[in-house]
Amino acid sequence: DLSSNNFEDSSIFEYVFALTSLRHLYLSESNINGLLPPSLGGLTNLVELDLYGNSISGQIPSSIGQLSNLVELTMSFNELSGTVPQTIEQCTDLVSLYLEGQANGLIGPLPDFAFLTRIENLYLGDNSFSGTIPSSFLSGVADQSARLRIDLTSNQLSGTIPIEFSNFDRLDIFIWDNMLENIDPKCCNKTEWMGGGVGLFGCDSIVCPIGMYNPNGRQMT
């Protein structure tokens, strides 16, 4: 665990990425700046990678796809930019993926992440994803009755929350501060969504209607 250090640049990667037997690597809040090198892909035994709260910039390297044993990947609150590399589809064992809060913003159409069969936490808020939410979004999830948390807040998404989302029984979806126009009515009948909030407040528990405001982006009480 190398968290909460003051490395000041990205030279630490040269040393730790050479340790190819690593299974867990924690480098959160360590004042790391600069780019993630392609040598990240050499850590093929990694199960957990935590780079939270640094100043890492540039694109996520395509070599991320070589980390096929990853269960948890945290890159939140950095300065990453560009699109999510398609090679991440090789990381099929991910249970938690945290990419929210990029200062420069990840861009492009929202990937459908249909390769994630075990995902429980998918955090993509505070980026610049645009376009509509794919109807195939997370369609590969094996247990659609399990609790699933999705954060898509503060992007540039438009259109509707698709009816396919109603296949999930216990979904917590955070989606305010976008340009969405509608929620499929079938989603408003999922009483266990939002920790039971939809059972109490209907669609208002997911996001405020157009023209309405709540500091939380949705009705909670």
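The values are calculated or read from the model by the stated rules, or taken from the named source; none is laboratory data. Note that the structure is predicted; figures quoted are calculated from it, not measured. Reconstructed Cβ throughout: ideal geometry from the backbone, glycine too, with neighbour counts over all protein chains shown. Note: accessible area is taken over every heavy atom of the protein model, side chains too, but ligands, DNA and RNA are not part of it. Shrake-Rupley method; radii C 1.70, N 1.55, O 1.52, S 1.80 Å.
Using modelled backbone amide H atoms (1.01 Å from N, in-plane), which distant-in-sequence or interchain residues come within less than 5 Å of Gly101's amide H?
Amide H neighbours of Gly101: Phe77, Gly125, Asp126, Asn127.
So what J values fall out for segment 124-141 if you push phi through Karplus, 6.51 cos²θ - 1.76 cosθ + 1.60 with θ = phi - 60°, rounded to Hz, Gly and Pro as x?
Couplings: 10, x, 6, 10, 10, 5, 10, x, 8, 7, x, 5, 8, 4, 6, 5, x, 4 Hz.
With a 1.4 Å probe and all protein chains kept in place, how much accessible area does Arg149 have, in Å² rounded to the nearest 10?
80 Å²
Any idea what the dipole of segment 130-179 comes to, in debye rounded to 20, about its Cα centre with Lys/Arg Cβ at +1 and Asp/Glu Cβ at -1?
Rounded to the nearest 20 debye, it is 40 debye.
Run the helix sum for the chain: -39,500 (n - 2.57) per DSSP H stretch of 4+ residues, divided by residue count, reported at 222 nm to the nearest 500 deg cm²/dmol.
After summing the helix terms and dividing by residue count, I get -1000 deg cm²/dmol.
What is the extension gain from Val95 to Asp1, computed as 0.36 nm multiplied by their sequence separation minus the C-alpha to C-alpha distance, in nm to one decimal?
So the extension gain works out to 31.8 nm.
Once the Cβ-Cβ distance between Tyr26 and Thr221 is put in as r, and R0 is 45 Å, what FRET efficiency do you end up with, to the nearest 0.05?
0.80
Which Cys in the chain stand alone, with every other cysteine's Cβ at 4.7 Å or more from theirs?
Cys91, Cys187, Cys208 - these cysteines have no disulfide-compatible partner (Cβ-Cβ under 4.7 Å) in the chain.
Counting only the backbone N, which residues of segment 67-94 are under 18 Å from the spot 7 Å out from the Cα of Thr117 toward its beta-carbon?
Only 67-72, 88-94 fall inside the zone, counting backbone N under 18 Å.
Can you tally the net charge around Thr160? Count Lys and Arg as +1, Asp and Glu as -1, for every other residue whose Cβ sits under 10 Å from the Cβ of Thr160.
Cβ neighbours under 10 Å give a net charge of -2.
What fraction of the DSSP beta bridges in the chain is antiparallel, stated in percent and rounded to the nearest 5?
0 percent
Positive end of the dipole of the chain, charges at C-beta (+1 Lys, Arg; -1 Asp, Glu), about the Cα centre: which of Ser145, Ser63, Leu36 has its Cα farthest in that direction?
Value: Ser145.
Go through Phe165, Asn155, Gly196 and say which Cα lies farthest out towards the positive end of the charge dipole of segment 143-199; charges sit on Cβ, +1 for Lys and Arg, -1 for Asp and Glu.
Gly196
State to the nearest 20 debye the size of the charge dipole of the chain about its Cα centre, where the only charges are +1 on K and R beta carbons and -1 on D and E beta carbons.
400 debye
Which distance in Å, rounded to a whole number, links the C-alpha centroids of segment 172-197 and segment 43-76?
A separation of 30 Å, based on Cα centres.
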